[in-house]
Structures are given as structure tokens and as C-alpha cells.
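First the structure, in the form of C-alpha cells, and then the observations on it.
The values are calculated or read from the model by the stated rules, or taken from the named source; none is laboratory data. What you see is a predicted model; the values in this text were computed from it and never measured. Cβ: placed from backbone, ideal geometry, glycine included. Neighbour counts: every protein chain shown. Remember, those area values only see protein heavy atoms, side chains included, never the ligands or the DNA or RNA. Shrake-Rupley method; radii C 1.70, N 1.55, O 1.52, S 1.80 Å.
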Amino acid sequence: MREALAEAGASGSDVPVGAVVLDASGSIISRGRNLREAEHDPTAHAEIVAIRAAGAARGGWRLEDCTLVVTMEPCTMCAGAVLVGRLGRLVYGAADPRAGAAGSVWDVLHDPRLGPPVEVVGGILAAECAALLRGFFEERR
């Protein structure tokens, strides 16, 4: 999670969300941060960026033995990408009571209609992850 927090801190003018993908041995195979503003791309969430890079690093889209670590609970789009990429585990920091799709508002990753369930571990360094987000939005108000 510390590596994901470092990515979040480098998000520039974007909402500070960072992600890393770990392989089965726990090694980081990709990194991502929100790039929506920088790339003018509404889909450039940290999770999507990291998942795309993991597929490129592995030379395939099936990431069954991988773990996505992200500082904020994924939205529905990103939770869908976790399912489509067949990641085995999601670890997140701060919950998102407004749009979280890993158990807070929706539970996309455990909906049997969408595929096999994904192991979800939430609340890792949650206070630090939430503080980074709060600080970002307080500066803009």
C-alpha cells in the first residue's frame, strides 16, 4: 500500500489515487495513478492504468494470480476491470461511501452473475489514504 500511496502522491492535478499490481510472489509488475486530467481520458483511473500495464508486462490479459492494491475503493468501472482481467485479489485503503463498488455501495466483485468472486481486503492504511484525498479536496474548495 505504501507504493500505491507514492503513486497517488504523484497524481499532480488529478484526484490522488494510486495503484500497483503484484504478481503471485508479491513483486510489483505495474503501477498506476489517476491520469484523467493529464490524458484527457475519463477512463484513466489508477486501477485501469495499472491493470493495462500489468497485462502488457505479462504479455496477456489474464491476471488470475495477481493482486491489485489501490488507495481508494474502486468504482464500478474499475471493479469491472478487475473482474474482466480475472485478478484474484483486491486490496484497498479508503472506502468510498459515494461510489465504492467493492462492498461500500455496490459489491460488484462478489456478484455471482458477473463471474467468480474476487478476494477483497479493505481498510489497509485507510486513514493515510483518506487523509490524502481529504487534503486534495480541501485545497480545491
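Only residues that are among the hydrophobic types (A, V, I, L, M, F, W, C), open to solvent by 10 Å² or more (accessible area, probe 1.4 Å) and over 24 Å from Glu138 (Cβ atoms) were counted across region 34-68, and they come to 7. Taken as a whole, the condition of being at positive phi and without any contact (Cβ under 8 Å) to a residue 12 or more places away in the chain does not apply to Gly115.
Taking the numbered list (1) buried (at least 16 other Cβ atoms within 10 Å of the Cβ); (2) over 22 Å from Glu3 (Cα atoms); (3) of a type outside the set (S, T, N, Q) in turn, Arg31 passes all entries but (2). Among the numbered conditions (1) over 21 Å from Val20 (Cβ atoms); (2) at pLDDT 95 or above; (3) in contact with a helix residue (DSSP H, G or I) (Cβ under 7 Å, 6 or more places away or on another chain), tell me where Asp107 comes up short. With respect to (1) over 21 Å from Val20 (Cβ atoms); (2) at pLDDT 95 or above; (3) in contact with a helix residue (DSSP H, G or I) (Cβ under 7 Å, 6 or more places away or on another chain), Asp107 is out only on (3).
Any residue at all in region 88-99 that is more than 19 Å from Leu132 (Cβ to Cβ), open to solvent by 20 Å² or more (accessible area, probe 1.4 Å) and either in contact with a Ser or Thr (Cβ under 9 Å, 6 or more places away or on another chain) or among the polar types (S, T, N, Q) (or both)? Yes; the residues of region 88-99 include at least one that is more than 19 Å from Leu132 (Cβ to Cβ), open to solvent by 20 Å² or more (accessible area, probe 1.4 Å) and either in contact with a Ser or Thr (Cβ under 9 Å, 6 or more places away or on another chain) or among the polar types (S, T, N, Q) (or both).
The numbered conditions (1) assigned to a loop (DSSP other than H, G, I, E, B); (2) over 21 Å from Gly115 (Cβ atoms); (3) open to solvent by 10 Å² or more (accessible area, probe 1.4 Å); (4) not polar (S, T, N, Q) are all true for Asp14 except (3).
Does Pro74 satisfy the criteria of being surrounded by 16 or more Cβ atoms within 10 Å (Cβ to Cβ) and not hydrophobic (A, V, I, L, M, F, W, C)?
When the stated conditions are applied, Pro74 passes them.
For region 115-130, check the following and say yes or no: at least one residue is surrounded by fewer than 22 Cβ atoms within 10 Å (Cβ to Cβ) and in contact with a Cys (Cβ under 6 Å, 6 or more places away or on another chain). Looking through region 115-130, none of the residues is surrounded by fewer than 22 Cβ atoms within 10 Å (Cβ to Cβ) and in contact with a Cys (Cβ under 6 Å, 6 or more places away or on another chain).
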